[in-house]
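Working notes for the structure below.
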Amino acid sequence: MDNERDKELDERLKQLVIKAQQHPPMTPLRQQALVQLVQAILQSGRLCRPYRGQFEGVYEDIYNEARQDMLLYICQKIDDYDPEKSPVMRWVNFLFEKRFFREAIPKFMDKNIIRRTLDDLENIIQPEEEVSTSEIVKQCIEEDREDVFKNEYIENNPPANFQYLAKKRLAGSTWQEISEELGIKVPTLSSFYQRCLKKFTAKLREYCQNHGS
């Protein structure tokens, strides 16, 4: 029974793909077919959940971001897909797990790490002055008296150092904006940034303790 339902779903999705491909981009008929395709994918119950049990606290954020990016990609690149080669859900789940879920991870993991880092610092030190821990961290990174933050950079790329990335992030720049500026892929930048946050937690804590003394 389940196999029959799966076959029916596969055939319905295939026909919606073909219908969308038959009409020029941005036309009402294509848009209608794409809306129906997206709804059918979401309602199928067959969209995979990669890395289940990992990324505690941010998994749903990662999942939802990846799903949104993937569905947008499908709508934009529907002409590149050949429905005769593989079932639609196999294609969708491959894209979701191998590309879009992985690309979404750095968007939320660095936020989670720095939030926990700041929470940890706030538990250690409560400055007498009314200055938030994030402002103290920002001051520490900007001063960089020992040049440790500036000298920690992506291999063979000194401009892409931790101090620069941290200042850009604290100023509100997105990873995509930094990526375009430096010509380095977002996952590479974010992974490097995460490693630096872990490496310099003790150093940042020390700065904060000195600030509060």
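Report yes if some residue within segment 168-181 is aromatic (Phe, Trp, Tyr), in contact with a Leu (Cβ under 9 Å, 6 or more places away or on another chain) and open to solvent by 50 Å² or more (accessible area, probe 1.4 Å); otherwise report no. Please lay out each step first, then the result.
Quick first cut of segment 168-181, residues aromatic (Phe, Trp, Tyr) only: 175.
Okay, now just the ones that are also in contact with a Leu (Cβ under 9 Å, 6 or more places away or on another chain), so 175.
Going one step further and asking which of them are open to solvent by 50 Å² or more (accessible area, probe 1.4 Å), we end up with none.
No: zero hits.
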remark   = By residue number, the members of segment 49-64 that are of a type outside the set (Phe, Trp, Tyr), in contact with a helix residue (DSSP H, G or I) (Cβ under 8 Å, 6 or more places away or on another chain) and either open to solvent by less than 30 Å² (accessible area, probe 1.4 Å) or not in a loop (DSSP other than H, G, I, E, B) (or both) are PRO50, VAL58, ASP61, ILE62
key: Given (1) modelled with pLDDT under 90; (2) open to solvent by 80 Å² or more (accessible area, probe 1.4 Å), index of the condition LEU42 fails   = (1)
request  = Search segment 156-181 for residues being within 24 Å of ARG102 (Cα to Cα) and in a loop (DSSP other than H, G, I, E, B), and hand back the single one that is modelled with the lowest pLDDT.
outcome  = GLY172
ask   = Going through segment 182-200 one residue at a time, which ones are crowded, with 16+ Cβ neighbours inside 10 Å and not in a helix (DSSP H, G or I)?
value = ILE184, PHE200
query = Out of the residues in segment 65-81 that are among the acidic types (Asp, Glu) and touching a helix residue (DSSP H, G or I) at 6+ places or on another chain (Cβ under 9 Å), which is surrounded by the fewest Cβ atoms within 10 Å (Cβ to Cβ)?
reply = ASP79
ask   = Is there any pair with a first residue in segment 152-165 that is farther than 10 Å from CYS196 by Cα and a second that is hydroxyl-bearing (Ser, Thr, Tyr) and open to solvent by 50 Å² or more (accessible area, probe 1.4 Å) whose Cβ atoms are under 7 Å apart and which are 6 or more apart or on different chains, and what are they?
value = ILE154/THR188; ALA160/TYR153
Residue list for segment 1-15, filter: without any contact (Cβ under 8 Å) to a residue 60 or more places away in the chain and either in contact with a Lys or Arg (Cβ under 8 Å, 6 or more places away or on another chain) or surrounded by 14 or more Cβ atoms within 10 Å (Cβ to Cβ) (or both) = ASP6, ARG12, GLN15
ask   = When segment 86-130 is examined, which residues are found to be open to solvent by 40 Å² or more (accessible area, probe 1.4 Å), modelled with pLDDT under 90 and either in a loop (DSSP other than H, G, I, E, B) or among the polar types (S, T, N, Q) (or both)?
value = ASN123, GLN126, GLU128, GLU129, GLU130
Test: residue in segment 140-155 that is in a helix (DSSP H, G or I), open to solvent by less than 20 Å² (accessible area, probe 1.4 Å) and closer than 20 Å to PRO106 by Cα = no
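The values are calculated or read from the model by the stated rules, or taken from the named source; none is laboratory data. Computed from a prediction, not measured in an experiment: that's the story for all the values here. Methodologically, a virtual Cβ is constructed for each residue, glycine included, from the backbone with ideal geometry; neighbour enumeration extends over all protein chains shown. Ligands, DNA and RNA are excluded from the accessible area calculation, which covers all protein heavy atoms including side chains. Shrake-Rupley method; radii C 1.70, N 1.55, O 1.52, S 1.80 Å.
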